[in-house]
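Student: Once you've had a glance at the structure underneath, I'll fire off some questions.
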Amino acid sequence: MIIHKLIAQHLAHRDDPHFYTLQAQDAIRWIESSGVALTSTTNVLDLGAGHGIFGAELIKRGCRVAFADETNLLMPEIASAPFYKINLDHDDVPALGTHNLVICSNVLEHLAKPFEFIASVGRILAPSGHLYLSWTNWLSPWGGHEFSPFHYLGTRRGHLLYDKLTGRKRLHTPYVNLFPTYIGQVLRHIRAQPGLRVARAAPRYYAELGFLVKVPVVREFVTWNCALLIEKDGESST
């Protein structure tokens, strides 16, 4: 369980690089505990990489890591790593090739077309490959990101009331760069994809309580950030 460490770090330093490093290190431990080997032969794509903190941790494990995002914001220490420019809502995702492990961390809720992305997942995974997908679902306590908990007032009024009451600068606007997503919906779309299965699911910041993701309705509110490990069939090539 890492949520208490993240809260303490955020209160002291906001979302500095160490905040995201803690997340990445914990997620990597979870991936490895699921039986996914992370070695020098593991070909990884950090998709929606941002500054590349997650992928950088995998490089330390010896993995071969490439990065992809709309803008290259990679940290100086990994600036020479392979980088692909892509807009996940508009560009051809399969053009990125196939990988043993794809990381897509805290990206899905920012996609206007999340289910089109999910439909493309099988084409970027090598046989027996894995996708680590984590995102903040809309009804979670942090569903509105910086204007939480005002998001519970709806996509039309919540963020505007936040503006009026706080006067703070807001980074996210519903249906502009933050889109409501629901765990049940995402799970159904993944299970509808030939050759893919959900190998493991858990609340990302308290993964020990994985049973919560199995409880419809309840999971939408109590799963702060949902983490899924999606596996491709070993014989599938599409």
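Every number in this text was worked out from the coordinates using simple rules, so none of it is lab data. Since this is a predicted model, take the numbers as computed values, not measurements. Because the Cβ atoms are built from the backbone with ideal geometry, glycine has one as well, and the counts that use them run over all protein chains shown.
Student: Report the gain in length on full extension from H51 to D89: 0.36 nm times residue separation, minus Cα-Cα distance, nm rounded to one decimal.
Tutor: 11.7 nm
Student: Can you give me the long-range amide H partners of R61? Hydrogens built in the peptide plane at 1.01 Å from N, cutoff under 5 Å, separation of 5 or more residues or another chain.
Tutor: Result for R61 returns nothing.
Student: Can I ask one more? Output wanted: per-residue J couplings in Hz (rounded whole) for region 57-69, from phi through Karplus 6.51 cos²θ - 1.76 cosθ + 1.60, θ = phi - 60°, x for Gly and Pro.
Tutor: Couplings: 5, 6, 4, 4, 7, x, 6, 8, 10, 10, 10, 8, 6 Hz.
Student: I've got another one for you. Which whole-Hz ³J(HN,Hα) couplings does region 161-169 yield from phi under the Karplus relation 6.51 cos²θ - 1.76 cosθ + 1.60, θ = phi - 60°, glycine and proline marked x?
Tutor: 5, 4, 4, 5, 7, 9, x, 8, 6
Student: In addition: Near A227, within a Cβ-to-Cβ distance under 11 Å, what is the net charge of the other residues, with Lys and Arg +1 and Asp and Glu -1?
Tutor: So the environment of A227 carries a net charge of +1.
Student: Out of [x] 37, 21, 16; [y] 27, 20, 18; [z] 39, 18, 17, which label holds the value of semi-axes √(5λ) of the Cα gyration tensor in Å that was computed here?
Tutor: Correct label is [y].
Student: State the answer as a single residue: which of I53, L73, P94 lies farthest towards the positive end of the charge dipole of region 50-100, with beta carbon charges of +1 for Lys and Arg and -1 for Asp and Glu, about the Cα centre.
Tutor: My answer, from the dipole projection, is I53.
Student: Whole-Hz ³J(HN,Hα) for each residue in region 192-202, computed from phi via Karplus 6.51 cos²θ - 1.76 cosθ + 1.60 with θ = phi - 60°, x for glycine and proline: what do you get?
Tutor: 7, 8, x, x, 10, 9, 7, 6, 7, 9, 6
Student: For the peptides 176-184, 45-53, what is the packing order when you average, over each peptide's residues, the other Cβ atoms within 10 Å and list the highest mean first?
Tutor: Top to bottom by mean Cβ count within 10 Å: 45-53, 176-184.
Student: Using amide H atoms built 1.01 Å from N in the peptide plane, name the residues 5+ places from Y84, or on other chains, whose amide H lies under 5 Å from its own.
Tutor: Excluding prolines and chain starts, which carry no amide H, the hits are F67, A68, D69.
Student: Lysines within cross-link reach of K85: Cα-Cα under 19 Å, excluding same-chain residues under 8 positions apart?
Tutor: K85 reaches K113.
Student: Cut-off 10 angstrom, C-alpha nodes, Gaussian network model of the chain. Which of Q23, Q185, Q193 fluctuates the most?
Tutor: Maximum among the listed residues: Q185.
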